[in-house]
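Asker: Below is one structure. I have some questions about it.
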Amino acid sequence: MPAVLHPSTELGQISLRIRNLARSIQFYTEVVGLRMLRLEGKVAELTADGKSTMLVLEEVEGLVQQPERTAAGLYHFAILVPDRVSLGLALRNLAAHHIPIGQGDHLVSEALYFSDPDHNGIEIYADRPRDTWKWDAQGEIGMTTDPVDVEGLLAESEGKEWRGLPEGTVIGHVHFHVSDLQEAKRFYCDVLGFELTAHYGNAALFLSAGGYHHHIGLNVWAGAGVPNTPWSAAGMSYFTVMLPDKEELEVVKGRIRSAGLVIEERGGDFYVKDPSDIEVRFTIGVGGTTG
């Protein structure tokens, strides 16, 4: 029987290695719209709801900036806002700060793309209602990249005040450049238990738990066989998979051990490295809106 994650599985906080903490705090609070939750030394924890950590920023001395699309690692992490009004307000704020923006209507969602000062990719997006998503006979979801109705987003947010990311904002998905697409699929599907929801030829795969359009994106757009982003470069240190209870945590841990992978336990959570050398953190605590 294939490994399958519990359908209520969601993603949680992520951690980034950055070069200048003050600069990144300013960017993530003023431009992205997160708020400071905790600051200790060279580590900042940022929040959308004022209670839980969504983003950890860690300044590491001597970090280099990896040229874009030259290594396996973070392509972007995606912040899911609760509605189109919130997305329109985010668009207005990005424009007010003169941030270059990419955009895409993916049928299941509308998305804005940009980068932080260390070239870590960011997506802010809003989902369309789940009952409008289309699945084909092979069990894959219909997604594409069309132009976003920018004028519609601006019209919906007209006259409303941007006050940062609203409560209900969560990490919706993460997307990685990988060196070997099938190796990455084996790790995320066969070992961890995510399920395939879509593929784009032989270049990209999308995976999820619980019938979401995707929690994980994998692509070889940086080139097959590229090296991993070194830990001496800016990038993602870990992302979090939130499971519903200790029983599910132990089931996943058992699959990882059976695959012969190294598990590290820290603070009641456990971590395993994916083929791109990014840590996947497992914890208990489902509470977002993607599942």
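The values are calculated or read from the model by the stated rules, or taken from the named source; none is laboratory data. The model shown is predicted, which means the values in this text are computed figures rather than measured ones. Please note: Cβ atoms are built from the backbone with ideal geometry, for glycine as well, and neighbour counts cover all protein chains shown.
Asker: Filter segment 196-207 down to residues that are in contact (Cβ under 8 Å) with a residue 40 or more places away in the chain and surrounded by 20 or more Cβ atoms within 10 Å (Cβ to Cβ) and give me whichever is nearest to the chain's Cα centre (by Cα). Lay out the reasoning, then the answer.
Answerer: Filtering segment 196-207 for residues in contact (Cβ under 8 Å) with a residue 40 or more places away in the chain gives 196-199, 206.
After this cut, where a residue has to be surrounded by 20 or more Cβ atoms within 10 Å (Cβ to Cβ) as well, the list is 197-198, 206.
Numbers: T197: 16, A198: 17, F206: 12 Å.
That would be F206.
Asker: Could you tell me how many of the residues in segment 52-95 are free of Cβ contacts under 8 Å to residues at least 24 places away in the same chain and either closer than 14 Å to V32 by Cα or not in a loop (DSSP other than H, G, I, E, B) (or both)? Spell out the reasoning first.
Answerer: Step one: of segment 52-95, the residues free of Cβ contacts under 8 Å to residues at least 24 places away in the same chain are 61, 67, 95.
Checking which are either closer than 14 Å to V32 by Cα or not in a loop (DSSP other than H, G, I, E, B) (or both) leaves us with 95.
Here the count works out to 1.
Asker: Return the pair list, or none, for Cβ contacts closer than 8 Å from residues in segment 144-157 that are part of a strand (DSSP E or B) to residues that are surrounded by 12 or more Cβ atoms within 10 Å (Cβ to Cβ), at least 6 apart or on different chains.
Answerer: Going by the 8 Å Cβ cut-off, the qualifying pairs are D146/G104; D146/D105; D146/H106; D146/L107.
Asker: Considering every residue within segment 43-50, establish whether at least one is of a type outside the set (G, A, S), crowded, with 22+ Cβ neighbours inside 10 Å, within 20 Å of P100 (Cβ to Cβ) and within 20 Å of the chain's Cα centre (by Cα).
Answerer: Taking segment 43-50 first, the residues of a type outside the set (G, A, S) are 43, 45-47, 49.
Subsequent filtering for residues that are crowded, with 22+ Cβ neighbours inside 10 Å retains 46.
Okay, now just the ones that are also within 20 Å of P100 (Cβ to Cβ), so none.
The answer is no; no qualifying residue exists.
Asker: I've got another one for you. At pLDDT 95 or above, in contact with a His (Cβ under 8 Å, 6 or more places away or on another chain) and assigned to a strand (DSSP E or B): does that describe L112? Spell out the reasoning first.
Answerer: Numbers: at pLDDT 95 or above: yes; in contact with a His (Cβ under 8 Å, 6 or more places away or on another chain): no; assigned to a strand (DSSP E or B): yes.
No; evaluated as a whole, the condition is false for this residue.
Asker: For segment 235-267, name all the residues that are part of a loop (DSSP other than H, G, I, E, B), under 30 Å from E68 (Cβ atoms) and touching a residue at least 24 places away in the same chain (Cβ under 8 Å).
Answerer: Residue satisfying the conditions is L261 alone.
Asker: Quick one: in segment 9-42, of everything that is buried (at least 17 other Cβ atoms within 10 Å of the Cβ) and among the polar types (S, T, N, Q), which residue is farthest from the chain's Cα centre (by Cα)? Reasoning before the result, please.
Answerer: Narrowing segment 9-42 to residues buried (at least 17 other Cβ atoms within 10 Å of the Cβ): 9-19, 21, 24-25, 27-28, 31-34, 37.
Checking the rest, the ones that are also among the polar types (S, T, N, Q) come to 9, 13, 15, 24.
Values: T9: 14, Q13: 9, S15: 11, S24: 18 Å.
Residue satisfying both the conditions and the ranking: S24.
Asker: Working carefully through the options L249, L261, find the one that is hydrophobic (A, V, I, L, M, F, W, C) and more than 14 Å from S8 (Cα to Cα).
Answerer: L261
Asker: Only residues that are within 17 Å of S109 (Cβ to Cβ) and under 12 Å from the mean Cα position of the chain (by Cα): list them for segment 209-223, please.
Answerer: H214, H215, I216, G217
Asker: Please go through segment 198-222 and give me each residue that is assigned to a loop (DSSP other than H, G, I, E, B), of a type outside the set (A, V, I, L, M, F, W, C) and closer than 17 Å to D277 by Cβ, ordered by number. Please lay out each step first, then the result.
Answerer: The first filter runs over segment 198-222 and keeps only residues assigned to a loop (DSSP other than H, G, I, E, B), leaving 201-203, 209-215, 220-222.
Next, from what is left, pick out any that are of a type outside the set (A, V, I, L, M, F, W, C): 201-202, 210-215.
Hits for segment 198-222: nothing passes.
Asker: Identify, please: which residue in segment 146-184 is more than 18 Å from the chain's Cα centre (by Cα) and closer than 12 Å to A126 by Cβ and is, among those, surrounded by the fewest Cβ atoms within 10 Å (Cβ to Cβ)?
Answerer: G152
Asker: Turning to a different aspect of this structure: Criterion first (assigned to a helix (DSSP H, G or I), surrounded by 15 or more Cβ atoms within 10 Å (Cβ to Cβ), in contact (Cβ under 8 Å) with a residue 60 or more places away in the chain and within 21 Å of the chain's Cα centre (by Cα)) does V191 satisfy it?
Answerer: yes
Asker: Can you name the residue in segment 249-264 that is of a type in the set (D, E, K, R) and in contact with a strand residue (DSSP E or B) (Cβ under 8 Å, 6 or more places away or on another chain) and, of all such residues, is surrounded by the fewest Cβ atoms within 10 Å (Cβ to Cβ)?
Answerer: The residue in question is E264.
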